[in-house]
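Okay, so here's the structure we're looking at.
The values are calculated or read from the model by the stated rules, or taken from the named source; none is laboratory data. Keep in mind that what you see is a predicted model, and the values were worked out from it rather than measured. Here Cβ is always computed from backbone atoms with ideal geometry, including for glycine, and neighbour counts include all displayed protein chains.
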Amino acid sequence: MAEIDEMSDEDGLAAEYALGTLSASERADVDRRLRREPRLASAVAYWERRLDPLLDAVEPVAPPMDAFAAIKAQIASSQTSRSGTADVIDLQRRLRRWQGGAITAAAMAASLLLFVGVRETTAIRDEKFVAVLEGDDRNPAFVAAVSTKDKSIMVLRVGGLAPAPGRSHELWAVGGDSPAPRSLGLLSAASRFPADRLGDVDPAELQRTTFAISVEPEGGSPTGQPTGPVVFTGKLVPVPGK
Amino acid sequence: MLRKNLASSTSSSDGLAALLTRAGAGDRDAFERLYARTSAKLFGVICRICPNRELAKEGLQESYVIIWQKADTYDPALGSPIAWMARIARNRAIDLRRLRTERISDLSDPIDDYDEASPADPASDAEQNEELRRLERCLDGLPTDRKDMILLAYYSGWSREELAEKFSRPVNTVKTVLRRSLALLRECLDGGD
């Protein structure tokens with residue numbers, strides 16, 4: 001058949017984003033670019049509007065009865081006053097400010113929760129915390145999730161760049177009961193650490209903990225304490241239980 | 001009859017836009033009514049993409065939390081309220097589906113068997129509007145396997161990799177085919193019939 005109208009790479013990317021065929025990393029990349037590239041954003045909007053009519057043909061399916069209660073609880077716990085509420089509200093405000101990027105960050109954080117929650121059984125109580133780490137430009141650079149039951153810390157790079165050659169990003173826990181920063185490990189694009197590096201993983205203490213990332217010589221701080229500049233920080237925020 | 005009621009209730013854009021605006025201002029009652037009127041449609045969209053029911057429920061919950069958070073950014077210029085909300089749900093569902101298949105496939109059961117009955121034929125819906133009919137005419141202008149690819153991607157959230165496997169083509173070929181098909185679709189939609 002006549003293959004006329006070839007698309008530019010950017011238009012093709014926008015079209016495939018709207019169609020839904022991109023991989024997770026390509027989608028995250030487009031989500032990030034949408035915030036600062038109006039041309040790409042309008043190309044995506046064009047394709048979304050073009051394809052919207054297809055949704056008319058989707059049959060409604062009655063949602064689970066308890067779904068709205070869970071949504072309400074999630075919204076309420078992030079807005080009513082309880083311990084740590086100010087942190088959650090702050091996180092929400094930041095998420096709103098990031099606008100398009102909020103989807104990415106929220107999606108990443110949610111995906112981490114999905115990851116740590118996969119093997120969850122109902123028998124053992126699980127406390128989950130998330131942190132969005134940002135730098136001076138107020139853009140999310142890393143997201144972290146802690147699960148007390150899985151005893152794991154997951155960290156994903158979502159916006160920041162990899163450290164310069166010869167340098168490493170090192171993750172620290174600050175606050176809680178111990179005064180000195182505790183090293184949790186060196187970061188890659190996606191890292192997983194045992195949560196016992198945080199100590200006894202007491203939920204009350206986690207709630208007072210901030211994660212910080214410093215730039216260190218390759219292989220990590222030689223002294224056991226941060227030696228380079230702290231480039232990203234974020235407070236741990238408890239995730240309401242289901 | 002139920003379908004008709006749902007269709008008519010979700011199609012009264014004015015009411016939904018007002019509810020969305022009020023939800024954006026923090027009105028929880030308005031948000032609850034918005035949920036009551038739109039959740040079945042959005043859950044339908046999500047269930048096609050996340051065939052695992054637990055994952056679909058999670059997608060629905062996350063979608064409405066996002067809708068609550070972003071309600072004050074809704075812009076009527078970008079489409080009807082239900083289209084705007086369905087896009088959020090679709091994007092969230094696709095993200096969850098990718099995550100499930102790409103990152104944690106080693107930790108969990110694979111996504112339930114694909115529904116071989118899809119691609120759904122939009123023509124089976126008696127309620128379809130003019131825009132859908134037009135889009136469908138343009139889709140019918142594509143070779144059948146290309147139309148199927150587009151519909152599987154849109155309705156069921158299939159990635160290039162999944163399409164490549166089903167249609168026994170290299171991933172790069174699928175990418176080329178998808179983009180050419182979309183270009184033809186655009187030409188048909190923009191250029192009249």
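The residues on offer are A:35, A:50, and the sole one that is more than 7 Å from chain B (Cβ to nearest Cβ), within 30 Å of residue B:31 (Cα to Cα) and at pLDDT below 95 is A:35.
Residue-level check: of (1) under 22 Å from residue A:19 (Cβ atoms); (2) modelled with pLDDT of 95 or more; (3) touching a Phe, Trp or Tyr at 6+ places or on another chain (Cβ under 9 Å), residue B:41 misses just (3). Can you tell me which residue is surrounded by the fewest Cβ atoms within 10 Å (Cβ to Cβ) among those in the stretch B:152-172 that are more than 7 Å from chain A (Cβ to nearest Cβ) and of a type in the set (S, T, N, Q)? Across the stretch B:152-172, the extreme among qualifying residues is B:168. Out of the residues in the stretch B:39-79 that are among the polar types (S, T, N, Q) and facing chain A (nearest Cβ under 8 Å), state the one that is surrounded by the fewest Cβ atoms within 10 Å (Cβ to Cβ). Taking the candidates together, the pick is B:73. Of the residues that make up the stretch B:106-113, is at least one part of a helix (DSSP H, G or I) and at pLDDT below 95? Looking for residues that are part of a helix (DSSP H, G or I) and at pLDDT below 95, one finds none in the stretch B:106-113, hence no. In the stretch B:19-38, what residues are more than 9 Å from every other protein chain (Cβ to nearest Cβ), surrounded by fewer than 21 Cβ atoms within 10 Å (Cβ to Cβ) and either on the phi > 0 side of the Ramachandran plot or among the hydrophobic types (A, V, I, L, M, F, W, C) (or both)? Within the stretch B:19-38, B:25, B:30 meet the criteria. No other residue among A:144, A:180, A:123 is part of a loop (DSSP other than H, G, I, E, B) and at pLDDT 80 or above apart from A:180. Looking across the stretch A:125-137, the residues that are within 14 Å of the chain's Cα centre (by Cα) and over 10 Å from residue A:233 (Cα atoms) come down to A:128, A:129, A:130. I need the full set of residues from the stretch A:141-169 which are under 30 Å from residue A:35 (Cβ atoms), over 18 Å from the mean Cα position of the chain (by Cα) and buried (at least 16 other Cβ atoms within 10 Å of the Cβ), in order please. Listed by number, the residues that qualify are A:163, A:168.
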